[in-house]
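Nothing in this text is a laboratory measurement; each read-out follows from the coordinates by a stated rule. Small disclaimer: the values here were computed from a predicted structure and weren't measured. Heads up, the Cβs are rebuilt from the backbone with ideal geometry, glycines too, and the neighbour counts pull from every protein chain shown.
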């Protein structure tokens, strides 16, 4: 995520427009490393969430209140004592550091006006909330950091707070052209890494964005750029920083389907061709939405763990079974040779008088080439012939039986792989419920005995997109939905898309009785490629055909269809933007 100095800069800009002059009416500490301030300003009430959690440091305005412990922790009590009813007079960010400093004016015990600083450090595992005087003398912090924990800086009462300059980074807000060349362009590493390791507050994703805007490969060694490329990357960087300095923000979230994969205070043009994005009014809005959806998806992934394990175990068993069956099938390859041996022994029996250990005969099926056939000297020619025919018949029966088993096992593997793909697409609990129902129906999970064996009602709906030309595109999330879309929802003249020979979603384009434009075909194919287990490939072959030509064999598993005379195209997996 791009929760770096640029995002924090946009948050500070937002806070300056909403919180300056506001009165802190309530302070709570819902979690060990988290504070929630209620601030009243100009007849509006704001809630400011501050989290110093090592795994997920956050700072944003929220509409939600959170329950607090019955007894407030010591740090919360200290803040209440000093700055409860205090007024926020300034909110600043040192250069482009991941640090926000709130200057708060309050009355001391004698009624005199005083000022204190609340310093929020959003630095991953080093995140902290520190309360200091205006001279940066630490009064207390939500996390104490002793000399045993850090040799760089202690965070303890009575110590002086400062920004540790361990990385020797330059400020991107005032770096000169000469320093940029010396610090960034001369670095013996990739251009992207040179930018984010050499400049304060720049994350890898923002460094990639700067390279993309300059039309330069982010992996190009910085010290190999020619003069024109050096000048171009510098000017691109300056233009980017001018947008930050002038607070030209467009908060947005980048989505892969319905799953958010990135957020930023500025547009991420490097994702424009591969993913969709949604803009928001403020950076607080994107943080609330991003982490809310992420939490939902994370919870769904946790809930799907048992289903994934069932599918994974079943796949492992069937793949091992398939390997053994293939070995058995390979062992039957000699069956026709044994049949020919039996036939040749009968044909050349006149050459055998008994007691021979081999027969040298001419293969009249293969240009009369000489072949040697082993014989049992204790048996007659007829008995040797019968022995070979028995071996042939046994291997033939094995071949036929194993071929059927391989077909069945292969179908089961394909079915399980399609369920595995559906689990990757599940974003809601009702999606999981439909997948679980399929696993129950096919015996992978036992249904709980509730006295009612009817299939539960499912409310999960397929994905829906609208093509650039205005045609509705529907995507099945699982096998049941695939069948529903293809055979109950779609009309014969609608178009059906599916990634070729791999598990994936059925995609239906409603034609409305008209001919589809080429662009709609391409967009639907790209969506079908994306919702397959080949979505990570650069190119995926997709079959498409009118729905009336798609058939479902009797007793076929959900999602399995057959079709002929289809069209195909090779596309890059991509969703509509």
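Below are the figures for this structure:
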{"quantity": "Percent RCO, i.e. relative contact order, over the range 463-571, from Cα pairs under 8 Å lying at least 6 residues apart", "calculated": "28 percent"}
{"quantity": "Geometric extent, Cα atoms of the chain - Rg, Dmax (angstrom)", "calculated": "34.9, 128"}
{"quantity": "Ascending count of other beta-carbon atoms within 10 Å, so fewest first, for 155, 89", "calculated": "89, 155"}
{"quantity": "0 to 90° range, to nearest 10: angle between helix 283-303 axis and the chain longest Cα axis", "calculated": "40 degrees"}
{"quantity": "Helix-only [θ]222 nm of the chain, DSSP H runs n ≥ 4, -39500 (n - 2.57) each, per residue, nearest 500", "calculated": "-11500 deg cm²/dmol"}
{"quantity": "Rg [Å, one decimal], Dmax [Å, integer] - the range 141-281, C-alpha atoms", "calculated": "18.1, 53"}
{"quantity": "Rounded Å value of the spacing that divides the Cα centres of the range 305-352 and the range 46-99", "calculated": "69 Å"}
{"quantity": "Cα gyration tensor shape for the range 449-559, rounded if a/c is under 1.5, else prolate or oblate", "calculated": "prolate"}
{"quantity": "Mean Cα-pair separation over length for the range 58-156, i.e. relative contact order, pairs under 8 Å, 6 or more apart, %", "calculated": "15 percent"}
{"quantity": "Degrees, to the nearest 10: 381-425 long Cα axis against longest axis of the chain", "calculated": "20 degrees"}
{"quantity": "Residue exposure sequence - 61, 199, 315, 110 - by fewest surrounding Cβ within 10 Å", "calculated": "110, 315, 61, 199"}
{"quantity": "Against the rule of thumb 2.2 N^0.38 Å, how large the Cα Rg of the range 5-141 comes out", "calculated": "0.98"}
{"quantity": "Bins of 5 Å from zero: percent of alpha-carbon pairs in the range 64-116", "calculated": "4, 16, 18, 18, 20, 16, 7, 1"}
{"quantity": "Per-selection Kirkwood Rh - the range 511-550 (Cα, Å, 1 d.p.)", "calculated": "11.4 Å"}
{"quantity": "With Cα atoms, 0 to 90° folded angle of helix 335-347 axis to the chain main axis", "calculated": "10 degrees"}
{"quantity": "Cα-derived Rg over Rh, computed across the range 315-421 with Rh taken as Kirkwood radius", "calculated": "1.22"}
{"quantity": "Mean separation of Cα contacts under 8 Å (6+ apart) over length of the chain, as relative contact order %", "calculated": "8 percent"}
{"quantity": "Cβ-based exposure ranking for 512, 569, in which fewest neighbours within 10 Å come first", "calculated": "512, 569"}
